[in-house]
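Take a look at the structure set out below.
Just so it is clear, none of the values below were taken in a lab; they were calculated from the coordinates. This is a predicted model, so every value here is computed, not measured. Here Cβ is always computed from backbone atoms with ideal geometry, including for glycine, and neighbour counts include all displayed protein chains.
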Amino acid sequence: MLPAEFRNNSASSYCRKSALKRWLSASCLLLVVTVTGCQLLNTSRNLGLPNQIIAERDYLVIHSDFRLPRKHRLFDELERLRDDLYRDLQLPTSDESVQLYLFAEPGDLRRYAGKVVPELRDRRAFFIKTDTRLQVFAHWGDKLAEDLRHETCHAFLHAVVADVPLWLDEGIAEYYEVEEHEQGLNRPHVFLLANAFRKGTWIPNLARLEMLTEPENVTQNDYAESWLWVHFLLQHDEMSRDLLRNSLVDGRFQGSSRSLSKELETKFPDAQLMLVEHLKQLSEGM
């Protein structure tokens with residue numbers, strides 16, 4: 001039997017925000033482009049892709065079609081995110097550069113995406129992985145920091161892990177998209193899941209998340225639950241952290257990640273109850 005109801009935290013404002021975020025903002029979609037990196041680059045030269053390199057940071061090359069300070073604090077934050085990601089997940093650093101393209105106006109990004117990746121033309125930001133390049137595209141706006149934290153997290157992760165299950169890829173990106181001082185606490189997700197659990201419209205099911213392979217089938221609750229599993233695994237104890245890290249090691253060396261739901265059945269038989277209790281504690285602490 002699952003624990004008692006959470007306190008009544010309304011999620012109405014979050015639902016409005018999350019709907020806009022998921023469908024009109026930063027992509028939580030990993031698109032593996034079938035053309036080669038060189039083809040994509042050559043094709044895009046006449047499509048309005050920013051081609052001025054304004055800064056080269058540690059394994060982050062920033063292209064822009066407008067003037068930006070080379071030492072912008074946002075770029076410093078992305079470098080720290082990379083360090084945090086590799087440290088927390090105990091992944092080796094990669095010498096592969098992430099190409100970051102910044103557009104001055106949303107219309108410019110929309111026009112470029114419409115010609116190269118039409119399915120992403122309404123996104124505020126997105127990540128593309130080709131066979132030779134890791135690329136993040138975004139337009140300058142109020143949500144840029146959150147967008148870039150999420151999308152560059154995808155890029156940094158895929159720089160070192162060949163195969164990442166969709167739910168885990170998104171859960172990790174949702175964990176690192178929040179501001180540094182939050183330490184992975186995605187407050188809107190806490191509100192959403194606590195409210196859904198109280199209403200009886202959601203219970204955790206990691207095995208179901210593992211079956212998701214198409215981004216268009218991922219619901220807002222799925223994004224939130226994916227984040228919650230990652231948050232629990234990283235912050236519960238060393239054994240749970242090792243389960244997550246070992247899954248990524250498999251994806252890196254074997255090209256296929258192990259089923260975390262099966263691993264949890266062995267190491268944490270009450271994982272579902274523990275996750276709900278973890279959510280309850282997060283909700284009560286906010």
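Between Asp242 and Asp83, how many nm apart are label points set 7 Å from Cα along the C-beta direction?
Using points 7 Å along Cα→Cβ, the separation is 2.8 nm.
Using amide H atoms built in the peptide plane, which far-off residues or other-chain residues are under 5 Å from Leu60 H to H?
Val98
Out of the DSSP beta bridges found with both residues in the range 33-160, what percent are antiparallel (nearest 5)? Please list the in-between numbers first.
Working: 10 of 21 bridges.
Expressed as a percentage, antiparallel bridges in the range 33-160 total about 50.
Quick one: if you stick a label point 7 Å off each Cα along the C-beta vector at Thr93 and Ser259, how many nm between them?
3.8
So which trypsin sites (Lys or Arg not before Pro) in the range 70-166 are both in a DSSP loop and have at most 14 other Cβ atoms within 10 Å of their Cβ? Walk me through the numbers on the way to the answer.
Details: sites: Arg70, Lys71, Arg73, Arg80, Arg82, Arg87, Arg110, Arg111, Lys115, Arg121, Arg123, Arg124, Lys129, Arg133, Lys143, Arg149; in loops: Arg70, Lys71, Arg121, Arg123, Arg124, Arg133, Lys143.
When the trypsin sites (Lys or Arg not before Pro) of the range 70-166 are filtered for loop state and at most 14 Cβ neighbours within 10 Å, Arg70, Lys71 remain.
If we count other beta carbons within 10 Å of each Cβ, what is the order of Glu170, Glu105, Glu77, fewest first? Before the final figure, lay out each step's value.
On the way: Glu170 28, Glu105 13, Glu77 16.
Lowest to highest Cβ neighbour count: Glu105, Glu77, Glu170.
For Arg124, list long-range residues whose amide hydrogen, built 1.01 Å from N in the peptide plane, is under 5 Å from its own amide hydrogen.
Answer set, sorted by chain and number: Ser25, Ala26, Ser27.
Need one number: nm distance between label points at Gln235 and Ile53, each 7 Å from Cα along Cα→Cβ, rounded to one decimal.
Placing both labels 7 Å beyond Cα along the Cβ direction yields 3.9 nm.
If R0 is 25 Å, what FRET efficiency do you get for His181 and Gln281 from their C-beta distance, rounded to 0.05? Spell out each step's value before the answer.
Working: r = 19 Å, r/R0 = 0.76.
With a Förster radius of 25 Å, E is 0.85.
Just need the relative contact order of the range 33-160 here, percent rounded to a whole number, with Cα pairs under 8 Å and 6+ apart.
Values: 193 pairs, mean separation 35.0, N = 128.
Computed over the range 33-160, the figure is 27 percent.
Place a label point 7 angstrom from the Cα of Phe66 along the Cα-to-Cβ direction, then list the residues of the range 90-126 whose backbone nitrogen is under 13 Å away.
Within reach of a label on Phe66, which here means backbone N under 13 Å from a point 7 Å along Cα→Cβ, the range 90-126 contributes 102-109.
Is any residue of the range 210-234 close enough, with backbone N under 17 Å, to a label point placed 7 angstrom from the Cα of Asp122 along the Cα-Cβ axis, and if so, which?
Within reach of a label on Asp122: 215-220.
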